[in-house]
2 protein chains.
Amino acid sequence: MQSNEFIKGTIRTIILRLLAQQKQMYGYEITQRVAQLSQDEIKLTYGALYPTLYKLEAEGLLVTTTEIVDNRARKYYALTPEGKKLAKVKVSELQRFTEILSAILTDAPKTKMTLKWQS
Amino acid sequence: MQSNEFIKGTIRTIILRLLAQQKQMYGYEITQRVAQLSQDEIKLTYGALYPTLYKLEAEGLLVTTTEIVDNRARKYYALTPEGKKLAKVKVSELQRFTEILSAILTDAPKTKMTLKWQS
DNA sequence: CTACTATATTTAAGAAAATTATATATATCA
DNA sequence: TGATATATATAATTTTCTTAAATATAGTAG
């Protein structure tokens, strides 16, 4: 995939999903995990990631704790109870959406049927 | 799905796909087809659809022909040769993207393994 | 004959989201 | 010393979509 166009609209839900699964992660780790799970085909850029994390935090869906590891600050994000609830809802919605998309992408063209009666 | 958030970024490709399959369609028909294929779960709004069609046309990926049906104008859109090429590329990219998304959404949490040696 | 629903396209204003680029800072390796 | 990896932050711009409104015809219910 040369561009990341399809990730639009799914970033929030991807983040919620990863955090629902991992208990806590820091920003950089999230980008690496997405790269890993996608075989480097999807890049979650920092310019998209961090503003989304701040927004989720501002909405009370995430809480942060900062740890110093190797002299560098790491900000861990974890879901709040409301965040966990929303994660479940959004993940199942996105799953359903991927099913619909698959259906659209693989739907067979409409064919015209002709019956031929043999005498 | 109460919101259409996930469709962002996929509209162009959905349109290209439908046109690759149907030879020609008009705008209203495209919205109806998306509704039908998604069991009314995805609404392709006119405000999103038409500007996208105009853009695709301006890029030389679509051509239009207008027909009058029941006194009402219908503008049919069809892929140009370049549109057909792009449709193939984008559809396979989006298919790949849905696979990756599924992987992210269903990926099992990392578990810690403990080996226990029996004496 | 009136209102409502369905068909059909167009477009403007505003909001939301992401891209791109830059800045800052430490650690590690060659 | 320079390059690469780790780590966060944020501003400017662009793209894209939502929401809303305008226009117009056909068919149906009352």
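With its label point defined 7 Å out from Cα along the Cα-to-Cβ axis, A:Ala58 lies at 3.1 nm from the matching points of the other copies, in increasing order.
For the protein assembly as shown, the alpha-carbon coordinates run over 82, 47, 31 Å along the three principal axes, in decreasing order. With only Cα atoms counted, chain B has Rg and Dmax values of 20.4, 89 Å.
Using 0.36 nm times the number of residues separating A:Lys75 and A:Ala103, minus their current alpha carbon distance, what extension gain do you get?
6.1 nm is the gain from fully extending A:Lys75 to A:Ala103.
Amide H contacts under 5 Å for B:Leu62: B:Glu57, B:Thr80, restricted to partners 5 or more places along the chain or on a different chain, H placed in the peptide plane at 1.01 Å from N. Mean partner shielding of peptide B:31-37, defined as the number of other chain Cβ atoms within 10 Å of each residue Cβ, is 2. Amide H contacts of A:Met25 (H built 1.01 Å from N, in plane; Pro and chain starts excluded): A:Tyr77 sit under 5 Å, all sequence-distant by 5 or more or on other chains.
Relative contact order of the range B:5-91: 36 percent, from C-alpha pairs under 8 Å at least 6 residues apart in sequence.
Past the 20 Å Cα-Cα mark, which pairs from A:Lys8/A:Lys90; A:Lys43/A:Lys85; B:Lys8/B:Lys55? Let's see the in-between values first.
On the way: A:Lys8/A:Lys90 15 Å; A:Lys43/A:Lys85 26 Å; B:Lys8/B:Lys55 16 Å.
In this structure, A:Lys43/A:Lys85 exceed 20 Å between Cα atoms.
In this calculation the C-beta distance from B:Thr45 to A:Gln95 is compared with R0 = 30 Å, giving a FRET efficiency of 0.85.
Centre-to-centre, using Cα atoms only, the range B:69-107 and the range B:18-53 are separated by 11 Å. Computed from backbone phi with θ = phi - 60° and the Karplus coefficients 6.51, -1.76 and 1.60, the 3J(HN,Hα) list for the range B:77-86 is 10, 9, 6, 7, x, 5, x, 5, 4, 5 Hz; x is used for glycine and proline.
Read-outs: derived from the displayed coordinates by stated rules, not from any lab. Given the structure is predicted, the values throughout are model-derived calculations rather than measurements. Positions of Cβ are generated from backbone atoms using ideal geometry, with glycine treated the same way; all protein chains shown enter the neighbour counts.
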